[in-house]
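The values are calculated or read from the model by the stated rules, or taken from the named source; none is laboratory data. Nothing here was measured: the structure is a model prediction, and the numbers come from that model. Counting neighbours? That spans all protein chains shown, and the Cβs are built from the backbone with ideal geometry, glycine included. Quick note on the areas: whole protein, heavy atoms, side chains included, nothing else; ligands and nucleic acids left out. Shrake-Rupley method; radii C 1.70, N 1.55, O 1.52, S 1.80 Å.
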Amino acid sequence: MGRDVPGNGGRGSTGLRTLRQAVACYNRRLMLEHQMAGLNYFWQAATKSRTCSQRSAFGCCAALLMRCLCLLALALPVLGALPAHAQSCPYSLVITKTDGSKDCFTNLPIANEVDPQYKEVLSKIVGKASRYFLAYSKSPACKAVAVTSNWVMLSGFDLNAKAQALSNCQSQGCDCEVAIDSGKVLSRSVEGPDVAVALKLADEARNRAADEARRAQDQRASQDLTLAAERLKAEAGTARRQQAEAEEKLRLSSIAALQRQRELEEQLKQAQLQVIPAPVVLQQPAVPARAIIAHALIIGNAAYPSKKLDNPVNDARAMTAKLRGFGFVVTQVLDAGREKLTSVLAQWSRTAANADLTVLFYAGHAIQVFGKNYMLPIDIDQADVTKLTLQGVAVDAIIEQFMPGKTKLVFLDACRTNPLAVRTASRGITKGLAPITVGEGTLIAYAAKDGQEAEDGTGQRNSPFTTALLEHLNDPDDIAVVLRKVREKVMKATSGKQQPWEYGSLTGGALVLSAMKYAK
């Protein structure tokens with residue numbers, strides 16, 4: 001005997017409950033009914049005897065106590081079977097939820113979302129049917145409910161009742177599932193939003209834990225990178241200190257050699273003063289002015305791996321011819337790597353040890369790092385910025401350690417417009433050359449003002465600076481006047497983009513390179 005009850009309702013979150021729990025719940029219900037029948041017998045025995053007025057005082061009190069105990073015994077099984085929030089629920093409406101806890105059918109959202117008349121029908125079926133199946137829609141956008149029930153325990157009911165409830169629910173146009181089986185909740189969809197909220201919170205907690213793990217892993221990776229960078233920085237600092245120490249030893253050695261040379265020259269002068277002249281001089285010939293000993297080092301670097309420059313070699317050869325024509329002893333080096341460049345510097349310093357005037361001309365790439373200028377050999381590692389100070393040759397070290405003589409002239413036609421493949425945005429590296437401090441008797445001329453780039457003279461035989469310098473060195477003017485003319489000509493040729501600059505502290509009279517007498 002089945003009864004099919006379709007209807008409408010809402011839905012909650014999904015879940016499952018085992019059939020074994022439903023059977024146990026049904027057995028507990030039968031046991032409770034037997035207990036209540038026994039207690040009812042004792043109640044009637046305690047109340048059908050004489051009234052309290054017909055008994056003694058002791059008998060009256062004993063009868064009242066017996067009644068209270070019976071009432072308590074009747075209430076305890078029901079109260080113990082329900083949670084605190086459902087102890088007012090009739091025992092016949094108690095259901096077991098998917099997590100094993102007890103609750104009242106009327107507390108479920110499905111009982112409160114249907115109209116009052118259908119809710120009363122559902123409550124009667126749940127409370128009185130010996131077996132029933134309740135089907136409920138899965139989607140919140142479609143609401144449907146259907147019930148099949150068996151009022152007496154008939155065999156074979158389970159075979160078709162569940163399918164019938166599901167079919168009746170789906171016939172209302174919704175995707176349904178069997179949610180309650182005779183007091184046992186099979187799906188969380190009828191339990192309300194609490195479980196869904198808990199699942200959502202659990203998912204959020206898992207996601208937060210995963211995020212924390214990823215952040216911790218990223219932090220460890222960042223720390224490893226920081227430690228590696230610090231280690232590389234320390235190694236680079238050690239290499240710089242070692243290079244500085246080597247350069248300092250070389251400088252001190254050069255100073256000592258120069259000092260010894262000066263001492264020997266002074267001794268020679270003293271010995272010459274002690275020579276006794278002839279007592280009778282018939283005719284004193286005119287003493288010609290002493291010829292100046294002048295040495296020049298000409299460097300032209302063009303064959304850089306990133307891009308070959310057009311004119312540094314041409315500039316170096318033209319300047320070599322010009323100074324040799326004046327009478328200079330010229331040492332020329334072209335496309336030099338670091339080892340060759342330092343070797344030539346050391347040899348030239350020894351060769352020009354007794355010079356009165358020394359000239360250094362450099363055409364090629366140069367760069368400033370932390371305010372210090374470096375000539376760049378052609379074999380420099382262009383991919384690693386940190387090696388610039390190790391592989392470059394410091395300009396101030398060349399002037400102080402490798403340029404002897406009382407008067408020193410330096411011409412730097414560097415910082416060409418075709419830069420090397422280095423990251424000029426790196427920390428400490430700035431476009432152009434840096435200002436430089438000069439000592440007494442020294443003049444340094446830049447092809448472009450500090451912070452500017454010098455043009456290479458694309459399409460011309462020489463750069464704009466070298467072209468102007470070659471032209472005006474022949475003028476019978478002091479070198480300061482010559483450099484002012486060179487500045488004017490370069491600014492005109494480059495439309496003001498390139499402005500030559502000089503730093504000087506020369507002493508004595510005029511220095512006219514084209515009019516001086518040089519020793520052969």
* Restrict the check to the range 497-516 and report whether at least one residue is open to solvent by 30 Å² or more (accessible area, probe 1.4 Å), among the aromatic types (Phe, Trp, Tyr) and within 47 Å of the chain's Cα centre (by Cα). => yes
* Considering only residues that are open to solvent by 50 Å² or more (accessible area, probe 1.4 Å) and among the acidic types (Asp, Glu), look in the range 451-465 and name the one that is nearest to ALA302 (Cα to Cα). => GLU455
* For the range 315-345, how many residues meet the condition of being open to solvent by 40 Å² or more (accessible area, probe 1.4 Å), in contact with a strand residue (DSSP E or B) (Cβ under 9 Å, 6 or more places away or on another chain) and of a type outside the set (A, V, I, L, M)? -> 8
* Asked: Does any residue in the range 474-490 that is closer than 19 Å to LEU412 by Cβ and touching a residue at least 60 places away in the same chain (Cβ under 8 Å) come within less than 7 Å, Cβ to Cβ, of a residue that is open to solvent by 10 Å² or more (accessible area, probe 1.4 Å) and outside any loop (DSSP other than H, G, I, E, B) six or more places away or on a different chain, and which pairs are these?
  -> ILE479/LEU443
* Residue check for ALA209: open to solvent by 50 Å² or more (accessible area, probe 1.4 Å), at pLDDT 75 or above, of a type in the set (A, V, I, L, M) and not in a loop (DSSP other than H, G, I, E, B) -> yes
* What is the one condition in (1) touching a helix residue (DSSP H, G or I) at 6+ places or on another chain (Cβ under 8 Å); (2) part of a loop (DSSP other than H, G, I, E, B) that ASP310 does not satisfy? -> (1)
* **Search result, residues across the range 114-149 that are open to solvent by 10 Å² or more (accessible area, probe 1.4 Å) and over 18 Å from ILE95 (Cα atoms)** => VAL114, ASP115, PRO116, GLN117, TYR118, LYS138, SER139, PRO140, ALA141, CYS142, LYS143
* Structure fact -> Exception for PHE361 within (1) in a helix (DSSP H, G or I); (2) open to solvent by less than 50 Å² (accessible area, probe 1.4 Å) falls at (1)
* Members of the range 91-105 that are open to solvent by 10 Å² or more (accessible area, probe 1.4 Å), modelled with pLDDT of 80 or more and more than 57 Å from the chain's Cα centre (by Cα) -> LEU93, VAL94
* Asked: Among the residues of the range 234-246, which ones are closer than 19 Å to THR342 by Cβ and open to solvent by 50 Å² or more (accessible area, probe 1.4 Å)?
  -> ARG240, ARG241, GLN242, ALA244, GLU245, ALA246
* Asked: Looking only at the range 376-414, which residues are at pLDDT 90 or above, in a helix (DSSP H, G or I), open to solvent by 10 Å² or more (accessible area, probe 1.4 Å) and not small (Gly, Ala, Ser)?
  -> ASP396, ILE399, GLU400, GLN401, PHE402
